[in-house]
Each structure stands twice: as C-alpha cells, then as structure tokens.
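The values are calculated or read from the model by the stated rules, or taken from the named source; none is laboratory data. Because the structure is predicted, anything quoted here is derived from the model rather than measured. Glycine gets a Cβ as well: all are built from the backbone with ideal geometry, and neighbour counts include every protein chain shown.
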Amino acid sequence: MALEVLSLTFDPITLLTILVGVTAGISIGAMPGLTSTMGIALLMPLTFAMEAHTGMMLLIGEFVGAIYGGSITAILINTPGTPSAAATVLDGYPFTKRGESGRAIGISTVASFGGGIISGIIMILVAPVLANIALKFSAPETFALAFFGISIISSISGKSLLKGLFSGAIGLTLALIGVDNITGFTRFAFGSTFLMGGLAVIPVMVGLFAMSQCFLSIEELEATNVITQKIKSALPTKQDLKTIWPTILRGGLTGTFIGIIPGAGGDISAFVSYDMERRVSKHPELFGTGLPEAIAAPESSNNGTTGGALIPLLTLGIPGDSNTAVMLGALMIHNLIPGPMLFVQQAAVVDTLFIGFMIANVFMLILGLLGIPLFVKIVQVPRKILVPVIIVLCLVGSYAINNNYLDVVVMLVAGVIGYALVKGGFPLSPIVLALILGPMAEGNLRRSLVMSKGSVMIFFERPISAAFIVIAVVCLFLPIIKRWIVMYRNFKKSSAA
C-alpha cells in the first residue's frame, strides 16, 4: 500500500493541484470579505471531473492557503482577510507602521507553517484518540469553551477595561439579532426578513476593520499620501526564530485541540492563543505594540486548526468548522464516506490526504516567503489609489457572501460604527469576538439548562466545563486584580517615602 500512497501523492498532477489550491487559497484569504469557506465552495465544482484524492487535495490546499493568507492584509492594511486573522491585526499592523511589514509577514509565514505541520503530525499519529476526546464535548463543555473565549475580552481591551467590555456588549447584542434557535421567536429584527437570519459575521468584520480604516485614511490623504519604507529583509531574523519557536509549539497544539471541537475554529483559537501567550510573556504590557510572538501565537494557532478540524471530519464524519462542512459534501460527492470505515476501505486515499496536507503546508511556506517582496509593495501604493481599491473590495466581498445588497448596507453601517468607536478610543476586536462566540455561548447555555432542568450545577459537575469556567473567571478578573496590586504597591512606596 505504501507504493500506492506514494504514487498517488507524488503524481505530478496531484502536486500541481495542491500548488494551485494553495495559491488560490492565499489569494482568496488576502482579499477582505472573501473567506476560506467561500473559496472551497467556489473550487468544489472543479473537483467533479477529478480523481477523488486529487479533488480533495485542491480543497485542502485552498483551506491551508486561505487561513494563512488572511494575515497578509491584517499586517499590511490593518484589515484581516479572514476572521481567523482578526487577532493578528493587534500586533501585525504596528510592524507595518514602523516599516517592518516584510519581517512581520515572514514571522506569520513561518508560524503558520509551524502550526500547520504540528497539526498535521498530530492528525496522522493520534487522530482517533483526539476525536474521541472531542466527541465527549456536549452542550456544557461547549458553553464553557465559549465563555472562556469571551473572557479574553479583558485581555484585548487595551488601556480601558470598561471600554473593552462596552465593545464586547455591542458584539453580544448584535449576536442576539435573528430567530431564537431554541424558541423560534424573532428578536430585534424590526419586521425585516433579512434580519431574521441574523447578521453575517463577515460584512460586520469587514465594516469594522476595513471600512472604518478607510474612513480614517481619508482624513489623512493629504497629510500622508504614500506609505514608504525601506525593507531591509523579507525574512524573520535568527533572534525572531529563537523567540517564536516556543510560541509556535504552544499555538500549534492549542489550535489543533480547539480545531477538533466541532463549531470552534481558527478565529477562536487565534484569540485564545494570543491571550495565552500574553499571560506567559515576561512583558505583557508590550502586546499590541508589535511583538514577534504576538504574531506567531495567533497565526500558528489558526493554522493549527486546519489539521485539527480535519480529524473529526475524517474519523467521525463530524465537520470541525464551516470549511470542513463544505468538504464533507465534497467527500460524499466522491463516494468517500467519512468515518471509521473510511480508514479500512480507503486507507490509501486517507494516507494520501494526510501526506498531501503536509505538502500543502510546505508549498504555503515557499509561496509565502517568495511572495513577501510582492506583498509589501501594497503599502507603497499611494493612499489615493489604495483606499478606493479597498472600498471596492469591501463592497464586492460583502455582496458576494449572499448576493444581497443588504449585506453591503450592514458593512457600511458597521464601518461608520467602527470609525466612531476608534475615534472614541474603543477597541474593535471584542465586538467581533463576542459576535462570533455569542450564539455559541447562548445556545449551549440554554441546552445545558434544559438537560439539567434548570440547574447550573451541570457546568461544575463535569470536569472539562468546570475547568474552562474557572479559568475564564480568573482571566476575566485578573487584569483588575493586577491593577489593584500595582496600586497597592505604589501606595506602600509613597507611604514609605
């Protein structure tokens, strides 16, 4: 069988297909408003005429490339190309502002490669075991994970925790719009059939990050017409590599574990990993100013979810995220029924997919490093040209999600709100985080209470959910406790003086 696997994997057509998939994925991921899920859906019809393993390799290549590609615009123009790159904005864009965009993309590329390889190794070695762990997650554990994710708002709020919580409250409120998935009642739709389906995350995110940035840039068109910088190196330094390798290991493992959990994805794992890295750092106060490990953490983690999400898909037939949900349809079309029997009946194809996933990450590394000189040229385009192009991409990307002009309206409104919040010193990331995790937390909270007949003890009787909730509470109040400790120490010093 080994010879069959090698012949399938290293067939020139298969390798070319993987390369095309990764290239398409990076391109799609780098365009604000276009998601990896959308890319997989667009490429899936092309696989109908291909062999099963070749067609799946195209989609896996796109998946790997797109998750990485979102970091490119996050670093260069303060706009995450995909939701999973939202955390990369926090420290990626400060690199660009001080003329080190090439170095930042290099760090992102290496970290993405590392996270993807770690998840691939875990997928190959312990897929069945990890899938069984994820299978134990029911409503209480999923709620606890979402609650833990929301608690990270305290760490990404910047200087004002109150403003961060206010932004988070906006996100949670927006998450309530639409039909209640438990009772079926409509909330905050105001008679609009469009709002009954809830707000799509992508138009809101594009508006908050991209359009608001365009509005801010318009104010500075005359003052700073062109962003110029001398790029000394398009690669991370040896010191950068020495600094980020422990971060990549932690982020890759975190992303793989979170990717296994159905419903969780790169956006959640990126914020979790960013927060975890900030807490173990010797200089957490510098996060947000442009640190190598602050880029490596979310990028290794969100790329770690690629392999993690494939584990429950292939072993149990349960999609780990929206990307693998589309892949599930592609597997069915090619008569590859995911589950334990797939490893028996189509063992050669499964092994081919595993090796192909690793090759896709290698192609991503090569394309990413070679393409850096082209990527950094974006910041040298005059703002009078760049801003209108970004606005057009925002409009087209928002419309393309559902082919509905109302998504464009949502994006524009979110842009105005984002602009006002930035002007007022309010952080935007908590809104996106709460909007993503809000429905997940609410739905699983209510399902858990139904399971326990209204008793909240269900969350503390289960070890996994109890651990997540305790950690979340500690994370939520830790910044306040730290400030009290600092105030107390300063008071003692002033009293002693």
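Among the residues of the range 195-213 satisfying the criterion of being farther than 28 Å from Phe185 by Cβ and at pLDDT below 80, which is farthest from the chain's Cα centre (by Cα)? Break it down into steps so the answer makes sense when it comes.
Within the range 195-213, the first condition is being farther than 28 Å from Phe185 by Cβ, and the residues that meet it are 206, 209-213.
Checking the rest, the ones that are also at pLDDT below 80 come to 206, 209-210, 213.
On the way: Val206: 14, Phe209: 14, Ala210: 16, Gln213: 20 Å.
So, considering only residues that are farther than 28 Å from Phe185 by Cβ and at pLDDT below 80, the one farthest from the chain's Cα centre (by Cα) is Gln213.
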Response to the item:
Counting only residues that are more than 14 Å from Thr79 (Cα to Cα) and modelled with pLDDT of 75 or more, the range 378-391 contains a total of 3
Worksheet item: Of the residues Val474, Val486, which single one is part of a helix (DSSP H, G or I), surrounded by fewer than 18 Cβ atoms within 10 Å (Cβ to Cβ), within 26 Å of the chain's Cα centre (by Cα) and without any contact (Cβ under 8 Å) to a residue 24 or more places away in the chain?
Response: Val474
Discussion item. The conditions are (1) crowded, with 24+ Cβ neighbours inside 10 Å; (2) modelled with pLDDT of 75 or more, and Ile152 fails exactly one of them. Which is it?
Written reply: (2)
Worksheet, complete the sentence: Residue set Ile355, Ile436, Ile359; condition modelled with pLDDT under 85, aliphatic (A, V, I, L, M) and within 20 Å of Ile67 (Cβ to Cβ); output residue Ile436
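Out of the residues in the range 338-352 that are assigned to a loop (DSSP other than H, G, I, E, B) and modelled with pLDDT under 75, which is nearest to Gly55 (Cα to Cα)?
Within the range 338-352, the first condition is being assigned to a loop (DSSP other than H, G, I, E, B), and the residues that meet it are 338-341, 346.
Of the ones still in play, those that are also modelled with pLDDT under 75 are 339-341.
Numbers: Gly339: 19, Pro340: 21, Met341: 20 Å.
Within the range 338-352, the match that is nearest to Gly55 (Cα to Cα) is Gly339.
Kindly indicate which of Gly149, Gly65 is of a type outside the set (Ser, Thr, Tyr) and closer than 30 Å to Met332 by Cβ. Can you show your working first?
Details: Gly149 fails: closer than 30 Å to Met332 by Cβ.
Only one candidate qualifies: Gly65.
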Discussion item. For the range 392-410, give me the residue count where each residue is surrounded by 17 or more Cβ atoms within 10 Å (Cβ to Cβ) and either at pLDDT 75 or above or in contact with a Lys or Arg (Cβ under 6 Å, 6 or more places away or on another chain) (or both).
Written reply: 7
Item to complete: Can you tell me which residue within the range 437-470, out of those that are in a helix (DSSP H, G or I) and in contact with a Pro (Cβ under 7 Å, 6 or more places away or on another chain), is surrounded by the fewest Cβ atoms within 10 Å (Cβ to Cβ)?
Response: Ile458
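With the requirement that a residue be in a loop (DSSP other than H, G, I, E, B) and either in contact with a Gly (Cβ under 8 Å, 6 or more places away or on another chain) or not small (Gly, Ala, Ser) (or both), what does the range 180-197 give you? Break it down into steps so the answer makes sense when it comes.
Restricting attention to the range 180-197, the residues satisfying the condition of being in a loop (DSSP other than H, G, I, E, B) are 180-185, 188-192, 197.
If the condition is that a residue be in a loop (DSSP other than H, G, I, E, B) and either in contact with a Gly (Cβ under 8 Å, 6 or more places away or on another chain) or not small (Gly, Ala, Ser) (or both), then Asp180, Asn181, Ile182, Thr183, Phe185, Phe188, Ala189, Phe190, Gly197 are the ones that fit.
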Item to complete: Write out, first by first residue and then by second, each pair whose Cβ atoms fall under 9 Å of each other, whose residues are 6+ apart or on separate chains, and whose first residue, in the range 393-408, is farther than 19 Å from Gly39 by Cβ while the second is among the acidic types (Asp, Glu).
Response: none
Worksheet item: List the pairs whose first member sits in the range 459-470 and is at pLDDT below 85, whose second member is crowded, with 17+ Cβ neighbours inside 10 Å and outside any helix (DSSP H, G or I), and whose Cβ atoms are under 8 Å apart, counting only residues at least 6 apart or on separate chains?
Response: Ile464/Phe137
Discussion item. Looking at (1) of a type in the set (Gly, Ala, Ser); (2) outside any helix (DSSP H, G or I); (3) at pLDDT 85 or above, which one does Ala87 not meet, given that it meets all the others?
Written reply: (3)
Worksheet, complete the sentence: Among residues of the range 54-91 being among the polar types (S, T, N, Q) and touching a Ser or Thr at 6+ places or on another chain (Cβ under 6 Å), the residue farthest from Ile431 (Cα to Cα) is Thr54
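Could you list, in sequence order, the residues of the range 269-311 that are hydrophobic (A, V, I, L, M, F, W, C) and surrounded by fewer than 24 Cβ atoms within 10 Å (Cβ to Cβ)? Explain how you work it out, then say what you get.
From the range 269-311, those hydrophobic (A, V, I, L, M, F, W, C) are 270-272, 276, 280, 286-287, 291, 294-297, 309-311; that's our starting set.
Once the filter is applied, which keeps residues that are hydrophobic (A, V, I, L, M, F, W, C) and surrounded by fewer than 24 Cβ atoms within 10 Å (Cβ to Cβ), the range 269-311 yields Met276, Val280, Leu286, Phe287.
Looking only at the range 417-436, how many residues end up being assigned to a helix (DSSP H, G or I) and more than 17 Å from Ala85 (Cβ to Cβ)?
Our first condition is that a residue be assigned to a helix (DSSP H, G or I); within the range 417-436, this holds for 417-423, 429-436.
Subset that is more than 17 Å from Ala85 (Cβ to Cβ): 417, 419-423, 434.
Number satisfying all stated conditions: 7.
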Worksheet entry | All positions within the range 1-28 that are under 24 Å from Gly397 (Cα atoms) and modelled with pLDDT of 80 or more | Val20, Gly21, Val22, Thr23, Ala24, Gly25, Ile26, Ser27
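What helices (runs of 4 or more DSSP H), lying completely within the range 236-329, carry at least 2 residues that are at pLDDT below 80?
Values: elements: 238-260, 266-280, 292-316.
Where helices (runs of 4 or more DSSP H) fall fully within the range 236-329 and carry at least 2 residues being at pLDDT below 80, they are 266-280, 292-316.
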